[in-house]
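A short write-up of the structure that comes next.
Coordinate-derived values only; no laboratory data. This structure is a prediction, so every number in the text was calculated from the model and none was measured. Here the Cβ positions follow ideal geometry from the backbone for every residue, glycine too, while neighbour counts run over all protein chains shown.
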């Protein structure tokens, strides 16, 4: 694995010649704005946009909770509605009795992914020029989505251990011990499908939009952009729903 | 990149997305059809049906996306490119 420092390196897009001939739009894949920190290469553009998203979420949360009133007004009202929405996701999957413990995790996942997808779709990052690569949704980098998916894995393992201790492993022998390999395999396919689903959807949206913008720069990409915004929110909903469902499975 | 490998990768990428779109296409069609039937029978639960439908459509779409990921890996991160 000497040459493969990163989980997934995408090479430069072969349609680069179009970038040179038409300067209206370009498709860029696999060019990253690298930060070299202590011998480790980081994808800088992902960090920048994630920090912006985290900052926005923190600001929204602090503004909503800074001056709480008994009868919520404007912003507090909005934030309460948001939290209730995520609460609904967790409660529907995990169940009334124990969802409160896992609510923070599920809410954070939903809000962060939602923020990332929408930040990539709505904010005109193209206006900010980087030396290399471009700012986009952090979730279009597979390293981000794999990190989120592994966090989900860790969380459901922790949930299972906390509830049942080592008895958690009994689950692998059910319904029959013959299914042991499949049960073990499932622990690997869960994060794999979680990460690929999110990464693929976000990247597919951005690719479709870039290709369309490349072909027809005006008006035609607009419906696809709207679809991208919609798909971004659905993917956030799905990721958090699945995370909650896995936690529930471990708690059963 | 070897031209044979390049050609095979491009064909493989096209096939992987195209074939991966067949199954989910059928599945999504069936699901949407059943949902419309359900709404026609019980218009009062339309919102609930729509929510469930969108969620399951996204799950099916994920299958095509796996094909897309394979295609992207073949095009941009080909392990056999050497």
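Filtering the range A:173-192 down to residues that are out of contact with any helix residue (DSSP H, G or I) (no Cβ under 7 Å at 6 or more places or on another chain) and either within 14 Å of another protein chain (Cβ to nearest Cβ) or closer than 25 Å to residue B:21 by Cβ (or both), which residue is surrounded by the most Cβ atoms within 10 Å (Cβ to Cβ)? Per the criteria, the residue is A:192.
Do you know which residues across the range A:216-229 are assigned to a helix (DSSP H, G or I) and either surrounded by 11 or more Cβ atoms within 10 Å (Cβ to Cβ) or touching a helix residue (DSSP H, G or I) at 6+ places or on another chain (Cβ under 6 Å) (or both)? Result: A:221, A:222, A:224, A:225, A:226, A:227, A:228, A:229. Just so you know, in the range B:24-44 the residues that are closer than 24 Å to residue A:236 by Cα and away from chain A (no Cβ under 14 Å) include one that is farthest from the chain's Cα centre (by Cα), and it is B:35. Within the range A:97-155, track down each residue that is surrounded by fewer than 18 Cβ atoms within 10 Å (Cβ to Cβ) and within 13 Å of the chain's Cα centre (by Cα). Result: A:108, A:143, A:147, A:150, A:151.
Return yes or no: is residue A:157 assigned to a helix (DSSP H, G or I), in contact (Cβ under 8 Å) with a residue 12 or more places away in the chain and away from chain B (no Cβ under 14 Å)? The answer is yes for residue A:157. For the range B:63-82, a residue qualifies if it is part of a loop (DSSP other than H, G, I, E, B) and either at the interface with chain A (Cβ under 7 Å from one of its Cβ atoms) or touching a residue at least 60 places away in the same chain (Cβ under 8 Å) (or both), and the qualifying residues are B:77, B:78, B:80, B:81, B:82.
From the list A:250, A:231, A:236, the one residue that fits, being within 14 Å of chain B (Cβ to nearest Cβ) and closer than 16 Å to residue A:149 by Cα, is A:236. Restricting attention to the range A:193-210, the residues that are away from chain B (no Cβ under 13 Å) and touching a residue at least 24 places away in the same chain (Cβ under 8 Å) add up to 1.
Against the condition surrounded by fewer than 18 Cβ atoms within 10 Å (Cβ to Cβ), more than 17 Å from residue A:208 (Cβ to Cβ) and within 11 Å of another protein chain (Cβ to nearest Cβ), how does residue B:51 come out, does it pass?
Judged against the criteria, residue B:51 is a match.
A quick yes/no check of all residues on (1) more than 18 Å from residue A:236 (Cα to Cα); (2) buried (at least 17 other Cβ atoms within 10 Å of the Cβ):
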{"site": "A:33", "(1), (2)": "yes, yes"}
{"site": "A:38", "(1), (2)": "yes, no"}
{"site": "A:46", "(1), (2)": "no, yes"}
{"site": "A:63", "(1), (2)": "yes, no"}
{"site": "A:76", "(1), (2)": "yes, yes"}
